[in-house]
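S.K.: Mind having a look at this structure? Questions to follow.
The values are calculated or read from the model by the stated rules, or taken from the named source; none is laboratory data. Nothing here was measured: the structure is a model prediction, and the numbers come from that model. As a convention, Cβ positions derive from the backbone with ideal geometry for all residues, glycine included, and neighbour counts pool all protein chains shown. SASA here: full protein model, heavy atoms, side chains in, ligands and nucleic acids out. Shrake-Rupley method; radii C 1.70, N 1.55, O 1.52, S 1.80 Å.
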Amino acid sequence: MDSLAAAPGTGPATSPLPILRKPRRAARFADLPADRTLVMGILNVTPDSFSDGGKHPTADTAIAHALRMLYAGADIIDVGGESTRPGAEPVSPEEEQRRVLPVIQALVKAGALVSIDTTHASTAAAAVEAGAAIINDVSGLSLEPEMAELVARTKVPYVLTHRRGDAETMNSLADYGNVVEEVIEELKGVRDKLYAAGVTAEQIIVDPGLGFSKDEDQNWQLLKYIGKLDELGHKVLIGASRKRFLGTLLTVAGKAAAPEERDHATAAITAISAANGAWAVRVHDVGPSLDAVKVAARIRH
């Protein structure tokens, strides 16, 4: 499928053949809607992500899925080439870039605003060069010095996510006295490193890192007190989509709900996040969350 083709059955494409679209003007961060919470669609170009690993194994299938999210109303497409689930095998920056760069280039030509989901500064740099407008880094306390320098130099928005350890060790580090207060304080510590490198406050978006070095109760505590993140003074991104603690909540007959069965609960969290003023939510299923943020915006305004 051509990299700028609409996936069959999406948008105005009603035939079984792809419809070629002219390249659109590159989307800009400054043009994002400001009257509601934004919806960031998740695109995992990976074989092993917890929810949809292996579903988009080639650039063309990944682009087709991203276009479906774009035409469904996603404000941002978040492209990742390395799974961040607990226990995931690390991927070299070279392999990560092989997976994501052709996808980013095609989506930018199609008019999507793209963020790069990576912990590697070299991949972030290559993605920004390819047109990505946001760096979404879940490395947390293990921030690469090169990443801070890159964000300062390029002046792109940067998602600062709270996480202790890495994919292999983070589950063993979920030891908190007060998870809300400690997450806020640890985010401030990493923020200081960004400031020291020359990153501005306006560039920083904070993410409490649901599911990263937190147990189920801690995730719910962070969601209950989501408004306290505002004291950091930055935009807030919430990423709860299909995560394990939702599957446990929806357990039936002793069996946790499968990832694909967690989208209604995800949309509920989207509504709560939007009602509390979150800047954006990161989700797998765009449509229900887009409806939820519109409802929340109508109530708030």
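S.K.: Considering (1) open to solvent by 20 Å² or more (accessible area, probe 1.4 Å); (2) under 29 Å from V91 (Cα atoms); (3) outside any helix (DSSP H, G or I), say which one V206 fails and leave the rest.
M.R.: Every condition holds for V206 apart from (1).
S.K.: Within region 279-290, is even one residue more than 17 Å from the chain's Cα centre (by Cα), modelled with pLDDT of 95 or more and assigned to a helix (DSSP H, G or I)?
M.R.: No: zero hits.
S.K.: Are there any pairs, at least 6 apart or on different chains, whose C-beta atoms fall under 6 Å, with the first in region 133-153 and at positive phi and open to solvent by less than 50 Å² (accessible area, probe 1.4 Å) and the second part of a strand (DSSP E or B) and of a type outside the set (K, R), and if so, which?
M.R.: Qualifying pairs under 6 Å: G140/T161.
S.K.: Another question about this same structure. Within the group L223, L232, L210, which residue is free of Cβ contacts under 8 Å to residues at least 40 places away in the same chain and hydrophobic (A, V, I, L, M, F, W, C)?
M.R.: Only one candidate passes the filter, namely L210.
S.K.: What single numbered condition from (1) over 19 Å from S289 (Cβ atoms); (2) crowded, with 22+ Cβ neighbours inside 10 Å; (3) β-branched (V, I, T) fails to hold for T200?
M.R.: Checking T200 against (1) over 19 Å from S289 (Cβ atoms); (2) crowded, with 22+ Cβ neighbours inside 10 Å; (3) β-branched (V, I, T), the one that fails is (2).
S.K.: While we're looking at this one, here's another question. Can you give me the number of residues within region 178-199 that are assigned to a helix (DSSP H, G or I) and out of contact with any strand residue (DSSP E or B) (no Cβ under 8 Å at 6 or more places or on another chain)?
M.R.: So the count comes out to 15.
S.K.: Kindly indicate which of K228, K214 is at pLDDT 95 or above, open to solvent by 20 Å² or more (accessible area, probe 1.4 Å) and of a type in the set (K, R).
M.R.: The unique qualifying residue is K228.
S.K.: State whether one or more residues within region 109-125 are within 24 Å of V39 (Cβ to Cβ), open to solvent by 40 Å² or more (accessible area, probe 1.4 Å) and not basic (K, R).
M.R.: No, because not a single residue in region 109-125 is within 24 Å of V39 (Cβ to Cβ), open to solvent by 40 Å² or more (accessible area, probe 1.4 Å) and not basic (K, R).
S.K.: Further question on the same structure: Under 6 Å between Cβ atoms, which residue pairs at least 6 apart in sequence (or on different chains) link something in region 270-295 that is open to solvent by 10 Å² or more (accessible area, probe 1.4 Å) with a partner that is assigned to a helix (DSSP H, G or I) and polar (S, T, N, Q)?
M.R.: Partner pairs satisfying both residue conditions: A292/T270.
S.K.: Can I ask one more? Looking for something modelled with pLDDT of 95 or more and more than 16 Å from the chain's Cα centre (by Cα) - is there at least one such residue anywhere in region 78-94?
M.R.: Yes; the residues of region 78-94 include at least one that is modelled with pLDDT of 95 or more and more than 16 Å from the chain's Cα centre (by Cα).
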